[in-house]
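The values are calculated or read from the model by the stated rules, or taken from the named source; none is laboratory data. Everything numeric here is computed off the predicted structure, so don't read it as measured data. Cβ atoms come from the backbone with ideal geometry, glycine included; neighbour counts cover every protein chain shown. Calculation scope for accessible area: heavy atoms of the full protein, side chains included, ligands and nucleic acids excluded. Shrake-Rupley method; radii C 1.70, N 1.55, O 1.52, S 1.80 Å.
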Amino acid sequence: MGQVAWKELCLSLFDYKTEKYVIAKNKKVGILYRAVQLFILAYIVGWVFMVKKGYQDVDTSIQSSVITKLKGVAFTNTSELSQKVWDVADYVIPSQVKGSLMSCLPHTPFPGEQQSLPRVILVNKCVCPTGVKTGRCLKAGANKSGTCEILAWCPVEKRGRPKLPTISSNAENFTVYIKNSICFPRFHFCKTNVLETKDDTYLKTCRYGPEHPYCPIFLLGNLIHWAGNNFQEMASEGGVIGIQISWNCDLDKAASQCNPQYSFSRLDSRLTEKSVSSGYNFRFAKYYRDAADVDFRTLIKAYGIRFDVIVNGKAGKFNIIPTIINVGSGLALMGAVTFFCDLVLLYLLRKSNFYRGKKYEEVRYVALRCVHATMEVFLSLPPEGLSSLVVSPDVVELLSS
């Protein structure tokens, strides 16, 4: 018995299967078949080709450069700064790209009280502040603890944060010019965010907004407002504003339709009102030398608003290769519909055995040989022998076929 089973298994390896099309008059399966086909067709045409543009080759390796310029004039009249006019050279630190706008200037010390070097600072119990230690511990008396000597700028920096902005109190109308140049190397396509126009006065009069969505000049107060913050509050404590420029270009259309989209957000941490990491400040110094060849400096701790410009984007253009790949994927999904409906028809319905019997049929060549031999026997029998012969209905059906 085992030899017979192994023999049948080996012979089955050489069986050939061919498709047999069976039309099943079942409305439920027919509706399911057409519904799934319609869903897949809508997915391929609507989502893959229209929304995701699956017929395009995409380049996401955007190359970008950004240049920013701030313009505006401010006037201050305080006890610390006296009367002074501030222009771009004064309140943009550094003066190059990605600078910061100074908004508050608590000097350490104030003008006329410059720090000098060298100077000796005595600190009780030899606990030294920031500076270069000389290695000497000084004592004021025999029974007193010593103090350390350091070499540092004196007097030390003042503590505290200004309550009100100084320079930026009237800086909401300052303008920020952002020039962004981008290239998509795969398609050899380059463009800038400056609108191409023949009007020479356009950049002098336009301001970014709903009326001029492609103008590269922004009002400083609007940038803070669009980031969801109060200008006066940010000017007093400082902050970092992120300007996101997104380029999503369809290069199958005209180049004039490839334009940037702007969004604004605050990047420094400000989860709570008393967050230690919120705000933005930096220090810089101005140096002097008097007639006695002694060095002095004025240390300035400035609170300001910093701009970080973040550029991202992608470009797409028609290409036959992704088109063929997506069409082939769609045809494969359409073929999977037949497989899915066959599973429902052959295994999930009540009459699955009936449909399975109609779909699959075994044809054996040996059985056909037996049929031919039987027919020869029947033909060789006399008429009176045929009248007394009892034939099975299966044999009659086989002979009739």
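See the values below:
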item	result
Sites Asp200 and Leu138, calculated FRET efficiency, Cβ-Cβ separation with R0 56 Å, nearest 0.05	0.20
Karplus-derived HN-Hα couplings along the range 261-268 (A = 6.51, B = -1.76, C = 1.60, θ = phi - 60°), whole Hz, x at Gly and Pro	10, 10, 9, 9, 7, 9, 9, 6
Computed over the range 191-249, the ratio Rg/Rh where both radii use C-alpha atoms and Rh is Kirkwood	1.04
Out-of-range pairs (alpha-carbon distance over 28 Å; input Lys179/Lys317; Lys71/Lys191; Lys17/Lys53; Lys7/Lys359)	Lys17/Lys53
Extension gain from Tyr288 to Lys359, taking 0.36 nm per residue of separation minus the Cα-Cα distance	15.6 nm
Amide H partners (placed H, <5 Å) of Phe174, local residues excluded	Leu220, Gly221
At R0 = 35 Å, FRET efficiency that the Cβ-Cβ distance of Ser352 and Met50 yields, to 0.05	0.35
Residue-by-residue Karplus 3J(HN,Hα) for the range 293-300, coefficients 6.51, -1.76, 1.60, Hz, glycine and proline x	6, 9, 7, 10, 8, 10, 8, 10
Histogram of C-alpha separations across the range 1-47, 5 Å bin width, %	5, 15, 11, 10, 10, 10, 9, 11, 10, 6, 3, 1
Nonlocal amide H pairs with Cys215, under 5 Å, H built at 1.01 Å	Gly209
Order of exposure, largest accessible area first, which applies to Glu172, Glu361 with probe 1.4 Å	Glu361, Glu172
Neighbour net charge for Phe284 - beta-carbon separation under 15 angstrom, K R +1, D E -1	+3
Gain upon complete extension [Gln261, Ile67; 0.36 nm per residue less C-alpha separation]	68.1 nm
Rounded accessible area of Arg289 (nearest 10 Å², 1.4 Å probe)	150 Å²
Entries in Lys69/Lys301; Lys69/Lys286; Lys204/Lys253; Lys84/Lys198; Lys198/Lys314 that, when Cα-Cα distance is taken, lie over 32 Å	Lys84/Lys198
Inter-site label distance for Thr60 and Asn173 at 7 Å from Cα along Cβ, in nm	4.5 nm
